[in-house]
Amino acid sequence: MYPRLLVYVNKMKENAEILREKLGNLGIEIVGVTKLFMGHPKVAKMYKDAGIKILGDSRIENINRMIEAGINGDFMMIRIPPLSRLKEMVDIVNWYLVSEEEVALAIDLMVDRPVHLIYMVDVGDLREGVMYDKAVEEIKRVRKKLKKARIAGVGTNIGCFGGVWPTNENLKLITDIAKAVDAEVVSVGGTIYLMAVEQNMILEGINQFRIGEAILLGTDITGGREIEYLKQETVILEAEVIEVKRKPSKPIGSMGYDAMGRKVKFEDLGERFRAIIAVGEQDISPYGLIPLDNGAKVVHASSDHTIVDVTDMERVVEVGDILRFKMNYSAVLRAVTSPYVEKVYIE
Ligand SMILES: *Cc1c(COP(=O)(O)O)cnc(C)c1O
């Protein structure tokens, strides 16, 4: 059935092994992040087979899915747990990223065994975490109030929200705080932190990397690059052509906004051969599709239709043909989540 996603878990495993070795040599443990594949058991098993012990996910549904499939923890909740859903987590999750006293105390009250809290610090990406200049005081204050839960360390996240890159300056912010609060674990993410390793930045005391993208896709979207020592083409989309026609490249008439509310600028390239594939915004993010055929170019998409300019392709494209694409993080995210896309996991 098409559209379908070919997921090469075997290539991901090679990526995981390369990174486990590279980071292991620096005393850094990997938390294998499973959220991109909604906690798919085959992806979880891949991490485990590659020697990664802790699995991190942002959603309890995904962690439950892994447990039901017989995957052993430890599990880390990598999104701050909502208070209303804590009771679903406390019996199965051993590691929590937290950033609020209320949440830390609520976990402490509910658990009946020791669990590890990583107190999140914001060093400038402006997503979760206590601002770095207030962190030491807050962490010391909260730590005194805990009985069963334990603040095992501090953590930070950059890249994902603000697009911030690691620097010796923002690394020093977190390592100084770690020292000031006697952190055992210093946990950073996401994939963009690999840049700090490659550029020999000062990682003093940082001993945990939470990584998904680099292993699962071999890319670093915040760094705008493919990671040369890892494998890409771990996920391929196959979609079916439902129309091919020669048409103008610029819409005719006065123009407002497209179906997604965007103002689109179409270049006038004269008449082109345009293939429609049966996949759209509901399944992919069109600008994250990279055609595997030389000469093919994704033009634009609405909910259910994506237009590919096939004029410059070597082969002639006909109705019923299959076009293949590699994908960036956001395209994979949507395709994995779409119930309309069949998934084939290759081990
Ligand atoms: C998603 C996420 C990660 C993993 O990020 P990648 O860029 O996919 O490696 C790490 N930590 C947190 C808190 C996350 O939400």
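The values are calculated or read from the model by the stated rules, or taken from the named source; none is laboratory data. As the structure is a computational prediction, the values presented were derived from the model and not from experiment. Cβ: placed from backbone, ideal geometry, glycine included. Neighbour counts: every protein chain shown. Ligands, DNA and RNA are excluded from the accessible area calculation, which covers all protein heavy atoms including side chains. Shrake-Rupley method; radii C 1.70, N 1.55, O 1.52, S 1.80 Å.
Just a few scattered comments:
- Positions within segment 269-294 being of a type outside the set (A, V, I, L, M), part of a loop (DSSP other than H, G, I, E, B) and within 23 Å of residue 330 (Cα to Cα), in sequence order: 280, 281, 282, 283, 285, 293, 294
Per-residue answers, yes or no, for (1) open to solvent by 20 Å² or more (accessible area, probe 1.4 Å); (2) in the same structural domain as residue 32 (by TED's automatic domain parsing); (3) more than 16 Å from the ligand (Cβ to nearest atom); (4) out of contact with any strand residue (DSSP E or B) (no Cβ under 7 Å at 6 or more places or on another chain):
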site: 88; (1), (2), (3), (4): yes, yes, yes, yes
site: 103; (1), (2), (3), (4): no, yes, no, yes
site: 119; (1), (2), (3), (4): no, yes, no, no
site: 141; (1), (2), (3), (4): yes, yes, yes, yes
site: 147; (1), (2), (3), (4): yes, yes, yes, yes
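- Among the residues of segment 49-59, at least one is surrounded by fewer than 22 Cβ atoms within 10 Å (Cβ to Cβ), farther than 26 Å from residue 182 by Cβ, away from the ligand (no atom under 15 Å from the Cβ) and acidic (Asp, Glu).
- Taken over segment 105-117, the criterion of being open to solvent by less than 30 Å² (accessible area, probe 1.4 Å) and touching a helix residue (DSSP H, G or I) at 6+ places or on another chain (Cβ under 9 Å) is satisfied by 106, 107, 108, 115, 117.
- Segment 19-42 - residue that is assigned to a helix (DSSP H, G or I) and closer than 18 Å to residue 199 by Cβ and, of those, nearest to the ligand (Cβ to nearest atom): 19
- Looking at 205, 223, just one residue is more than 7 Å from the ligand (Cβ to nearest atom), at positive phi, touching a residue at least 12 places away in the same chain (Cβ under 8 Å) and open to solvent by 10 Å² or more (accessible area, probe 1.4 Å), and that residue is 205.
- Whether a residue is at negative phi and either within 16 Å of the ligand (Cβ to nearest atom) or crowded, with 22+ Cβ neighbours inside 10 Å (or both) was assessed, and residue 169 does not pass this test.
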